[in-house]
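Here is the structure we will look at, set down as structure tokens.
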Amino acid sequence: MAQNLIVNSDYNIDVGANEVNITATEVNVIGNFVVTGTTTTVDTADLAVTDNNIVLNQGESGAGVTLGSAGITVDRGSVDDAILTWDETTDKWKFLVGASTANLEANVSMASLDLGGTTITDIVTEAETIGANDNDTSIPTTAAVKDYADAIATSAAAGGAQYDVQYNTGAGLGGNSNFTVNYTTNVVSILGELNVDNININGNDIISSNVGGNITLTPNGVGNIILAKTTGVSVQLDFTDQGSDPSATASVNKIYSKTPSGGGTGLYFVNNTTTGEFISKSKSIAYSLVFGG
């Protein structure tokens, strides 16, 4: 038979430093259950909570978690605890094992994963092809990225020996239109200046940026330096007048221009034995008439 205790006001049990033990198959509390103290321990094999939202750090009056963090800790005995915590300093959730960051494992067969507004629906593994999953909702594993890069590097569309750079002829070279590669005509076009070491190529000018440096054209073997022309276009070689005669250099013949003198050409030469002016045809005829020849 049930026994009831009915009181008309607060009912207090005060046993001081002693304990209050209740032994029963089931204890039912009808109404709100408030526990005030330092520690609440639930020693049970299974804990079932009907509430669909568990509140931690309830009663916070400050801006954020005053104690710096709030979360759930899993007691792992003799090894470091596993912790899911909100870090107020960084405004981030952290998964920890002790003080170290813990791994987060997600089921690869998941329907989707929302990361900052981007929904991930697939993880491309090395057994798959990145190209077949080329979209904004798939993320590749490092093995899949390596397989893809290796395939591109060894494909017929790309090439080049060691230390060479060769662009894929199957696609255009992106970037500024001032630098283009036409793989059909094998023409590299550069609009503007090209600087290679001390040589500057700008429009129709080839300039040495190295003060006092030479510009050397060296044919291979018995090859020649040829000034070619197209039909209807004359070829001329201009010499800018020098302010002074250049110094002689052993085993070198230097040709230069300055104010015409007795030879009438203004074209001079100097080598390690002599110097002089080339003689024009008219001057040569005049000299032969005067001096005989």
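Listed values for the stretch 235-249 are Karplus-derived 3J(HN,Hα) couplings in whole Hz (6.51 cos²θ - 1.76 cosθ + 1.60, θ = phi - 60°), namely 10, 9, 10, 9, 10, 7, 4, 8, x, 8, 6, x, 6, 6, 10, and x replaces Gly and Pro. The C-alpha atoms of the chain define a longest principal axis, and helix 281-291 lies at about 30 degrees to it. Cβ-Cβ distance of Thr89 and Thr137, R₀ of 22 Å, FRET efficiency by 1/(1 + (r/R0)^6): the value works out to about 0.10. Take the Kirkwood radius over Cα pairs of the chain, plug it into Stokes-Einstein at 4 °C and 1.567 mPa s, and you get 40 µm²/s for translational diffusion. Rounded, prolate or oblate: which fits the stretch 22-88 when a ≥ b ≥ c are the square roots of the eigenvalues of the alpha-carbon gyration tensor, with rounded for a/c under 1.5 and prolate only if a/b beats b/c? Here the stretch 22-88 falls in the oblate category. Solvent-accessible surface of the chain, averaged per residue with a 1.4 angstrom probe and all protein chains in place: 85 square angstrom.
Between Ser244 and Ser208, what FRET efficiency comes out of the Förster formula 1/(1 + (r/R0)^6) with R0 = 22 Å and r the beta carbon distance, rounded to 0.05? Rounded to the nearest 0.05, the efficiency is 0.65. Remark: C-alpha extents of the stretch 1-150 on the principal axes read 81, 41, 35 Å, sorted largest to smallest. Using a 1.4 angstrom probe on heavy atoms only, work out the carbon and sulfur share of the accessible area of the chain in %. Looking at the chain in its full context, I get 52 percent from C and S.
Go ahead and estimate [θ] at 222 nm for the chain from helices alone: -39,500 (n - 2.57) per DSSP H run with n ≥ 4, summed, over the residue count, rounded to 500.
Computed mean residue ellipticity for the chain: -2500 deg cm²/dmol.
Largest to smallest in accessible area, the residues Phe291, Phe269 fall in the order Phe291, Phe269 (1.4 Å probe, all protein chains included). Considering only Ile207, Ile54, Ile13, the Gaussian network model of the chain with Cα springs below 10 Å gives its largest mean-square fluctuation to Ile13.
The values are calculated or read from the model by the stated rules, or taken from the named source; none is laboratory data. Computed from a prediction, not measured in an experiment: that's the story for all the values here. Note that each Cβ is placed from the backbone with ideal geometry, even for glycine, and that neighbours are counted across all protein chains shown. Accessible surface areas use protein heavy atoms only, side chains included; no ligands, DNA or RNA. Shrake-Rupley method; radii C 1.70, N 1.55, O 1.52, S 1.80 Å.
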